[in-house]
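Below is one structure; the comments refer to it alone.
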Amino acid sequence: MSNNIYINRLMDEVIAFTLKSKGALVIVGPKWCGKSTTAKRFARTVIDLMPIDTRDGYIELAKIAPSNFLNYGEKPILIDEWQHVSFIWDQIKYEVDKTGEFGQYILTGSVTDKTRADAIWDGSRHTGNGRIIRKMMRTMSLFETGDSNGSVSLSGLKKGIFSPVPSPKTINDYAYFICRGGWPVAIDKERDVALAQARDYYEVVVTDDIFSLKEIPLKRDEQKARKLMRSYARNVSIAAADTTLLDDCTGEDESFDKDVFAKYLNALRNLYVIEELPAWNPNLRSRTAIRTKETRHFTDASIGAAALGITPEGIFKDITTFGLLFESLVIHDLRVYADVMGAHVYKYRDSKRREADAVIQFNDGSWALIEVKLGGIEDIKRAAENLIKIAEDIDYERTGEPAFLMVITKNNVAYRMENGVYVVPLCCLRD
């Protein structure tokens, strides 16, 4: 945020619709992504459990009179930092069921062993029977930060709507966006302040957060946390096996065994620090085998840059890493846009070693193939040809024809190639 002025989020649309269609909403996602700030715009009553001087009173009320606590004021009621009263989950479900009304509660807060998503929905508690829904909030996309002009809409491409447009952004801008990330507090700040936010987030993760989950007890060892984060960053945008990361972390550290490694990795998932990209498994005309291993990604590309100690200037020293982090930046933004459209993002890989860096599966079943290229025109041409070959091998009778094929680049103009493939700079995209 800048000068306490709220920057509109695409998540606003998701929250508004959810409150019109469900009894309660749980907003999850990485810390510092703006969950509380955005949720407060939709709440008529806010129960803020962050201030210590009022927290104990609220907790005591929730314990002795949960119904009074959940009817504290006009609804929707936001319970911010709700992990402090996570024991009240079943009462929330009861209150939602009792009236059947929509838009009663919004829950936000830090992830703990009691409030992480799979703990709520693991069967040990009432699930809410569809009346309570979980939505993930991400850091800001380049369209939300104002860095993308939004002249090319994914939903528009799906309908065949497109016009060639320029983008003034350069490769230097993308180097900066990777290192800055989409943290709301970084937007519209001077360069050094903006770049410090991702580094600070990384430090909090490796010195504190990763050791905070009681269900995943980890002996405090910052060096192990840093090793894993660096290894993950070196393998971002790659379908690297756990064994690859573990071998990279281990070295002479025999105490970093398989079980300890798995706990660290799970902690990072539960904290929404990392989010793997699942594989897409379409029906093919050929007997080609689909590879199903997930691709490694941080929830924000800047976390990887911070783990590697990369600056916007230093990233040019390793173009391969630059390309992988650029791909992760693209995946992040595609996920933000897909969330608004009710779509999902996947990765395509097959046994012929053909890949599409992203596949968007729309909520009507239609799909689009996307390649990401940091290189020049020859790389873009090869990427477009690759997308066409992959698309030709997919069984259209079962999946339908692709909505579009697109190469996302750092170039400064969006256009349509003669073969029908769109070439679009990342800073032209929106949902």
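The values are calculated or read from the model by the stated rules, or taken from the named source; none is laboratory data. Model, not experiment: these values are computed from the prediction. No Cβ is skipped: glycine too gets one built from the backbone with ideal geometry, and neighbour counts run over all protein chains shown.
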- Message: Return the residues of region 31-86 that are crowded, with 17+ Cβ neighbours inside 10 Å and touching a His at 6+ places or on another chain (Cβ under 7 Å); say none if nothing qualifies.
- Response: L49
- Task: Look through region 356-393, keep the residues that are among the small types (G, A, S) and touching a helix residue (DSSP H, G or I) at 6+ places or on another chain (Cβ under 9 Å), and return whichever of them is surrounded by the most Cβ atoms within 10 Å (Cβ to Cβ).
- Result: A358
- Message: Considering only residues that are farther than 17 Å from T409 by Cα and free of Cβ contacts under 8 Å to residues at least 12 places away in the same chain, which ones fall in region 351-391?
- Response: R353, D364
- Which one is modelled with the highest pLDDT, of the residues in region 241-261 that are assigned to a loop (DSSP other than H, G, I, E, B) and charged (D, E, K, R)? D257
- Those residues of region 400-431 which are out of contact with any helix residue (DSSP H, G or I) (no Cβ under 7 Å at 6 or more places or on another chain), crowded, with 16+ Cβ neighbours inside 10 Å and of a type in the set (V, I, T) amount to V424
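Kindly check whether there is at least one residue in region 413-431 that is on the phi < 0 side of the Ramachandran plot and modelled with pLDDT under 95.
Here is the first cut: in region 413-431, the residues on the phi < 0 side of the Ramachandran plot are 413-419, 421-431.
Applying the additional criterion that residues be modelled with pLDDT under 95 yields none.
Within region 413-431 (the criterion being on the phi < 0 side of the Ramachandran plot and modelled with pLDDT under 95), the answer is no, since none of the residues qualifies.
If you scan region 127-171, which residues turn out to be of a type in the set (G, A, S) and under 21 Å from the mean Cα position of the chain (by Cα)?
The initial filter retains those residues of region 127-171 that are of a type in the set (G, A, S), namely 128, 130, 141, 146, 148, 150-151, 153, 155-156, 160, 163, 167.
Of everything in region 127-171, those that are of a type in the set (G, A, S) and under 21 Å from the mean Cα position of the chain (by Cα) turn out to be S141, G146, S148, G150, S153, S155.
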- Query: Do we find a residue being surrounded by fewer than 18 Cβ atoms within 10 Å (Cβ to Cβ), in contact with a His (Cβ under 9 Å, 6 or more places away or on another chain) and farther than 17 Å from A307 by Cβ anywhere in region 256-279?
  - Reply: yes
- Note on the structure: When every residue in region 87-131 that is part of a helix (DSSP H, G or I) and over 21 Å from L19 (Cα atoms) is compared, the one modelled with the highest pLDDT is F87
- Within the set of pairs 6 or more residues apart or between chains, which connect a residue that is touching a residue at least 12 places away in the same chain (Cβ under 8 Å) inside region 281-303 to a residue that is among the basic types (K, R) and part of a loop (DSSP other than H, G, I, E, B) with Cβ atoms less than 7 Å apart? T288/K352; T299/R138
- Go through the residues of region 322-329 one by one and say whether even a single one is acidic (D, E), crowded, with 23+ Cβ neighbours inside 10 Å and part of a helix (DSSP H, G or I). yes
